Number of protein chains: 2
Amino acid sequence: MTGRSPDFLPEYSLPVCDLLRAMMARLTVRILFVGCLFSTLLIECPAQTLADRLGYPAGMKLIIVHADDLGETHSVNAAAIKALEAGAVNSASLMVPCPWFPEIADYAKSHADADFGLHLTLTAERVYYRWGPVAPIDKVPSLVDQNGYFHHDWEAHQRINPKDVETELRAQIERALAMGVRPTHLDSHQYRLIMSGKELFDVVLRVARDYKLPIFVTRDWFADHPYLQASLRSGDIVIDHTVTIEPDVPPEKWAEFYLNALKNLQPGVTEFIIHPGFDDEELRAATRERATWGAAWRQRDYEFFTSEQFRQMVAQQGIKVITWRELAQQFREKVSAGSTK
Amino acid sequence: MTGRSPDFLPEYSLPVCDLLRAMMARLTVRILFVGCLFSTLLIECPAQTLADRLGYPAGMKLIIVHADDLGETHSVNAAAIKALEAGAVNSASLMVPCPWFPEIADYAKSHADADFGLHLTLTAERVYYRWGPVAPIDKVPSLVDQNGYFHHDWEAHQRINPKDVETELRAQIERALAMGVRPTHLDSHQYRLIMSGKELFDVVLRVARDYKLPIFVTRDWFADHPYLQASLRSGDIVIDHTVTIEPDVPPEKWAEFYLNALKNLQPGVTEFIIHPGFDDEELRAATRERATWGAAWRQRDYEFFTSEQFRQMVAQQGIKVITWRELAQQFREKVSAGSTK
């Protein structure tokens, strides 16, 4: 369970899922700061962090402060843009199939330096507000429900066809490119492409390599999903750790959770996966069927990461912030140039 | 130009369009209250109004207070629901391809008496917030732009394939039915299916007849579009008149425009096409590229139609409000039963 995020579980709340999530979240929080100690029991601990490979001094701590789900609603776009412009968030990823993608694509076009990846999306996990694939629905039948939307969730019995996944991922990237977005990286909404087995991971890895884009994977996930490590090559960027808040953190402990995570950061590159948004009418309506990753949750993320205490803790701890663009550039210069791949 | 609404013109503002709109709007407002006087110069004035055919006393005035664009944004859904529940609006139509359709479909399912039609939609006229067809995009190629969204607008040189239109209309109706909506009528977003020539009108008429649903057409449009009258049969419901506010009405004259329209109402059945919405963050962002049919416009519509002065004027003038469901029921009893069609 090392570093595994419960976010890949069905977001469509069921009592049993909530219980599982809470159990896993507790486990994740405990294990997060123990890191390699635990990992060594399960897999060989890599000798070098990504920071080491990039030539940073030993023990150096770097973070990517990464906002997810841009394009999903206007509220999320507005909060992410405000946090990016305040310098609080330094990277984000965009959901191409979502209705508000044109707004954030327009912003990306006029802010070519923004560190924007694509948040590859194969589900429409909300109830009252939904979207479907970019590819023609008859070309990706295993990805859609009877009404033509992406599935709310992937049930255990459901066969997701890797061919459909590849068709849809390429369609999402092509639409983003056609609309003027120049992505710096890829990642996977709800970790579907990471946590659903080797077949789908190999699809996204192939697509990412074709487009010469890094895909967000962290060593934290290797113990539970050994196929990740097996499919990756030395020429692929692998993030050392990830931090994401979980449903069992009560609202009043929000800042404490993140401050502790920053104090206890391990050496290497850590991606903070956060979900800023404004707790307004639109986001409350779009997320009203459950509180997890809902409007108030996203407002709390917005508030912590734009706060003075976050900025101060990063400075106090001597943490360096880094973008995906910088990572990829340094990786090309320091690692790829010298490797045979 | 009698009764023709400038709304069918490209909503994507261009100076020349604005000028044309303003010219046409002025013309519409003047002509609206002159009605049959003008029409007689162009076409034969029908002997009977729809109200006459339904057996209402001579000179009776009936109105449908109809909210458009439900499903387009949450703000529009919320305002329409509030206006419907206040008894201010008594009919509405839903945009099936839009992201917030599931919210209003859910409401429709649990409010089976609501007078909800389908607002058949073949364009995505906004800039920062967009949607595409319900049918697979490769089955309706003439309806989509290079990114897979519905066209912003239909350019003069653009060939819209009637086959694609039929495929998409049927897909929209089938999705609505599958999601539990039982529509009482059909109408056409931006009047595209009414004002774009006989071929497309015949498509929607065929589809409407197949599903045994009335399609909103008014005699006000016959002079400009003679094919409407030519394609209609005595078994089709034809509304007598329509009132819709236009861009040349300044905000401070909003109530005056509607109050005058109610005072000068002609005998027969008149559909008021209105666009309630809340002037909130979401709607302001979704409509920010132009003020026409924007957030403030929709808030003004919401305010007038939920006002006491609207209710009082309807009562003072002895106007009867009627829904599409009631119209269709009375039409079946009084007209269809006795006609050979």
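Any read-out appearing in this document is the output of simple, stated calculations on the displayed coordinates, not a laboratory observation. Please read these numbers as outputs of a predicted model, since none were measured by experiment. Here Cβ is always computed from backbone atoms with ideal geometry, including for glycine, and neighbour counts include all displayed protein chains.
For the range B:106-258, the average shadow cast by the Cα convex hull is 11.3 nm², which is a quarter of the hull's surface. Highest mean first, the peptides B:128-134, A:291-297 sorted by other C-beta atoms within 10 Å per residue fall in the order B:128-134, A:291-297.
In this simple spin-label approximation, A:A58 and B:A291 carry label points 7 Å from Cα along the Cα→Cβ vector, and these lie 6.8 nm apart. Amide H to amide H, with H built 1.01 Å from N, B:I63 comes under 5 Å of B:T270, B:K320, B:V321, B:I322, counting only residues 5 or more places away or on other chains. The stretch between A:D138 and A:K82, if pulled fully straight at 0.36 nm per residue, gains 16.3 nm over its current Cα-Cα span.
Please work out how much length the chain gains when fully extended from A:R209 to A:E308, using 0.36 nm per residue of separation minus the C-alpha to C-alpha distance, in nm with one decimal.
Working: separation 99, 0.36 × 99 = 35.64 nm, distance 3.86 nm.
That works out to 31.8 nm of additional length.
DSSP beta bridges fully contained in chain A are about 5 percent antiparallel. A helix-only calculation puts chain A at -12000 deg cm²/dmol for mean residue ellipticity at 222 nm, using -39500 (n - 2.57) for each DSSP H run of at least four residues, averaged over all residues.
Is there a simple number for the mean count of other chain Cβ atoms within 10 Å of the Cβ of residues in A:275-281, and what is it? Rounded to a whole number, the mean comes out at 2. Placing unit charges on the Cβ atoms only, positive for Lys and Arg and negative for Asp and Glu, gives the range B:166-254 a dipole magnitude near 420 debye about its Cα centre.
As an equivalent ellipsoid, the range B:298-340 spans semi-axes of 32, 13, 6 angstrom, where each value is the square root of five times an eigenvalue of the C-alpha gyration tensor, largest first.
The stretch between A:Q316 and A:A178 holds 45.4 nm of extra length on full extension. This uses 0.36 nm per residue minus the Cα-Cα distance. Sorted ascending by nearby beta carbons within 10 Å, beginning with the fewest, A:H111, A:H157 become A:H157, A:H111. Name all residues of the range B:93-120 having a backbone nitrogen under 18 Å from the label point set 7 Å from the Cα of A:Q158 along its Cα→Cβ direction, giving them as ranges. It comes to B:102, nothing else. Label-to-label distances for B:K320 across copies, nearest first, come out at 8.0 nm, using points 7 Å from Cα in the beta-carbon direction.
Here's how it looks for A:V243: its modeled amide H is under 5 Å from those of A:E271, A:F272, A:I273, which are all 5 or more places away or on a different chain. Under the convention that each Lys and Arg Cβ holds +1 and each Asp and Glu Cβ holds -1, the size of the dipole of the protein assembly as shown around its Cα centre is about 780 debye. With a simple spin-label model that places each label point 7 Å from the Cα along the Cα-to-Cβ direction, the separation between B:S234 and B:A112 comes to 3.5 nm.
Computed over the Cα atoms of the range A:108-175, the ratio of the radius of gyration to the Kirkwood radius (Rg/Rh) comes to 1.03. Take every DSSP beta bridge whose two residues both sit in the protein assembly as shown; close to 5 percent of them are antiparallel. Whole-Hz Karplus values for the range A:186-199 come out as 10, 8, 10, 4, 6, 6, 4, 7, 9, 9, 9, x, 4, 4 Hz, taken residue by residue from phi with 6.51 cos²θ - 1.76 cosθ + 1.60 and θ = phi - 60°; glycine and proline positions read x. Peptides A:60-70, A:93-103 ranked from most to least packed, by the mean per-residue count of other Cβ atoms within 10 Å: A:93-103, A:60-70. Each copy carries A:D210; placing its label point 7 Å along the C-beta direction from Cα gives inter-copy distances of 3.6 nm, listed from smallest up. Would you kindly give the portion of the calculated P(r) for chain B that falls above 37 Å, as a percent of all Cα pairs? Taking all Cα-Cα pairs of chain B, the fraction more than 37 Å apart is 10 percent.
Per-residue shielding of B:177-186, expressed as the average number of other chain Cβ atoms within 10 Å of the residue Cβ, stands at 1. Inter-chain Cβ neighbour count for B:120-126, averaged per residue, equals 1 (cutoff 10 Å, partner chain atoms only).
When B:A337 is represented by a point 7 angstrom out along its Cα-to-C-beta vector, the spacings to that point in the other copies are 8.9 nm, nearest first.
The protein assembly as shown has equivalent-ellipsoid semi-axes of 54, 24, 22 Å, by the square roots of 5 times the alpha carbon gyration tensor eigenvalues, sorted largest first.
Across the options B:T306, A:P141, A:L54, the greatest Cα extent toward the positive end of the charge dipole of the protein assembly as shown (unit charges at beta carbon of Lys, Arg, Asp, Glu) belongs to A:P141. Whole-Hz Karplus values for the range A:118-127 come out as 10, 8, 4, 10, 10, 9, 10, 7, 8, 9 Hz, taken residue by residue from phi with 6.51 cos²θ - 1.76 cosθ + 1.60 and θ = phi - 60°; glycine and proline positions read x.
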